[in-house]
1. Calculate, for Ala222 and Arg181, the FRET efficiency according to 1/(1 + (r/R0)^6) with r their C-beta to C-beta distance and R0 30 Å; round to the nearest 0.05.
2. Among the listed pairs Lys221/Lys248; Lys152/Lys186; Lys102/Lys152; Lys39/Lys738; Lys140/Lys375, give every one whose C-alpha distance is greater than 26 Å.
3. Peptides 349-358, 370-379, 570-579: what's the order by average Cβ count within 10 Å, highest mean first?
4. Taking the highest mean first, how do the peptides 26-35, 174-183, 586-595 order by number of other beta carbon atoms within 10 angstrom per residue?
5. Measuring from label point to label point, each 7 Å out along Cα→Cβ, what is the Ser94 to Tyr146 span in nm?
6. Using the Karplus equation 6.51 cos²θ - 1.76 cosθ + 1.60 (θ = phi - 60°), what ³J(HN,Hα) coupling, rounded to whole Hz, does each residue of the range 690-698 give in order, writing x for Gly and Pro?
7. How much length would be gained if the chain were fully extended between Ile619 and Arg269, taking 0.36 nm per residue of separation minus their Cα-Cα distance, in nm to one decimal?
Amino acid sequence: MIPDKDNLIEKARRSLGWDEITVNLSSIAVSSKGAEIAKSLIPDKSPAHPPLIKGGLGGLDLESIKIKLRETSEMKEIIAGSENFPLIRFEDISIAISKALKDIILEIVELKDISSLLSISKRVKSFIFRFRENAPTLYKIVFPIYDLSEIKDRIDFCITETGEINENATPEIRELSQKVRSVKNKIIKKLESYISSNEYSQMLMDSYYTQREDRYVLPIKAEYKSKIDGIVHDSSSSGATIFLEPEKLVELNNQLKIAESDLKREIIRILRELTRLVAGQSETIENNLNILTDLDLIHAKARLSQLMNAVEPEINSDGNIDLKAARHPLLILTNPSTSLRAGTNVVPNDITLSPNFNVLIISGPNTGGKTLTLKTVGLMGLMVRAGLHIPANNGSDIAIFPEIYADIGDEQDIGRHLSTFSGHILNIIGMLNFASTSSLILLDELMISTDPSEGGALAEAILTELSDRGVKVITTTHYGQLKATSMIRDKFRNASVEFDLKTLSPTYRLIQGIPGGSSALNIATQLGMNRNIIELSASLIKEKEKRLEDAVNRLENLKKTLDEEYQKASLVRKESESLLEEQKNITERMKEEEREYLNTKKKRLAKDIAEARDRIKEIIGELDKERTSVKVKEAKAKIEGITEGLSIVPSEFEDSQLEKLKKHFQDRRLQIKKEKVSASPVFTTETECDLRGMRVDEARETAIRFLDRAYLGEIAKVRIIHGYGTEAIKKMLREYLKESPYINSFRPGNVQEGGDGVTIVELKT
């Protein structure tokens, strides 16, 4: 049966590896709802936007896709900054909202989740507001977030961080809580008197008390049950122990039950009040949840872009592909060295489908990367439609293909008695039925698994039909007939994957413009195949195929030589440009420092002249008072001494100074690469830091600054107080300490030091 259109498109996604992309995306999301949406993400359908406008792209809206890509870019720019983006884990509270609307009292944990979501919503909106000029698309998304601080504050006042009702929530709660504690204390005091009594100690199975049916009891040896008046509530499995409520405790236990029942009713009343507050703003709260979920998905896309070292490409609706240094996304994500420079050992390739041709035929030896090229283009076509960046260089351009079809892998179906060839034929018939000018078709080893002459002819006819209809096609092949077709058909182009015959290994480089040889005979020869077999094989190859194979080999060698020469020329050009730029900078610095030197010299000379003029005036004034020949001679000598000190520096001296200055500039040029400016925090002598009462992100920054100062202050051991609480700060701190370069070791405090509520840190000295 010929597959329908949706089946073909879904099959293409699976064979290209789209599910693996969404799994990686899902693993980055911070919320369960965000992870679920990411894992089931289908290109073209984003929860952040209404259904896409029908148009010339077969239902895709180019502007909507540009917006999705822009969202990812803006988020990537924000999270690349020094500040932590405040989107942290939040729970899916949609079920809790539904319960509240039905007036079903919410659990304490559900109310705390709602409070947390409202807090995160407010912080995220405030954070993005500061970046609204550089991230206008994201700001438009968060703008509808509504501040529900009154509900959050009321929940937080009534429920403590540890998930208990605050005793100060109402006067009734406070009074009833005190009453419960008072009665409990009386009961425990009475129980302890039984345990410590000589009269009863021998009757007890052990020195403890416990509860049965919410009533305090003592573990009594079965043989003594008649010795103590009271009510038996339970017994051990062996029957050796009975759990007895002494008669003297019955009234106290009754009082406790009544007090606890009253307290429980008041707690339920408070929870009902909080539930109704939530129900009254259910639509707004759910809207905040949906916006945070959208942001979670966008944040995951941005983090995935960082992991793949990806970029936002240009997109078009003309069917053109111009990928620069494209790397297969899944090869990068499965690389053990995945980081911000991930995929550095994944071979990049330029891949082009221009308006001049619409069929690209890739040939070359097995395991050379032909199929990988198909999957790279197909995955990138799916990724941009979902608003994902692609692992390629800036300047890459890719069309938006509403329909991407792929026939890759074994299509054998034993259940339907289909051979591999039949399975491929059915897929291709379906593609021929549904493909349009805006489709991209990827065909791996077109018409393989049949007679080469018939398969080659059928493959050429299929490609010709698709080309005439304006469909974009990339196919791989070993057929010489298809390699030759591109030489006679204007819309066909060849490409090949490179194979190094010296090392007998593929280079995974794609070379556009020339076909590739299978290299079967060359590889067999290098591996030691019998020479007679090789010679017979060569003689059996048809002459025209051999001529084509020889031509391909010559073209490959020529291309390789030209590439090597181009690389050398590029390197020389880059070095020349670098030296020219460096020389230009040095010259500018020399001119600037020379100007500064001359200006300083002029200022100094002007100052000396002014001082000399004042001194000469003083000498003449003294001479006017007593004009004798002796005084005139003395005045003349003084004035000559002053003027000699003002002699302008000879030009030869200036020249020598200039040479020294030039040498100074050269020395500066040699040293400039070694100069580094480091800003160190002020050291401290404090040995203790208290993080209690802080948010996790605030506590992290405080701890880091404290450890920086302590390390610079050469303090050997410090004490960091984080308390118990939800243990979020403790967990954050100890995870950071594992990675900190300053730390020799750390441990929880002992009893005297504060127990597990503090962490003792020993710093490197």
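No lab work stands behind these numbers, since they all come straight from the coordinates. As the structure is a prediction and not an experimental result, all values here were calculated from the model. Here the Cβ is made from the backbone with ideal geometry for all residues, glycine too, and neighbour counts use every protein chain on show.
1. On the way: r = 33 Å, r/R0 = 1.11.
According to the calculation, E is roughly 0.35.
2. Working: Lys221/Lys248 19 Å; Lys152/Lys186 38 Å; Lys102/Lys152 21 Å; Lys39/Lys738 31 Å; Lys140/Lys375 35 Å.
With Cα atoms farther than 26 Å apart: Lys152/Lys186; Lys39/Lys738; Lys140/Lys375.
3. Working: 349-358: 17.6, 370-379: 23.7, 570-579: 10.0.
Going by the mean number of other Cβ atoms within 10 Å, highest first, we get 370-379, 349-358, 570-579.
4. On the way: 26-35: 19.7, 174-183: 15.9, 586-595: 13.1.
Going by the mean number of other Cβ atoms within 10 Å, highest first, we get 26-35, 174-183, 586-595.
5. Label at Ser94, label at Tyr146, 1.9 nm between them.
6. Taking θ as phi minus 60°, the curve returns 10, 9, 4, x, 9, 6, 4, 5, 5 Hz for the range 690-698.
7. Result for the pair: 115.7 nm of gain on full extension.
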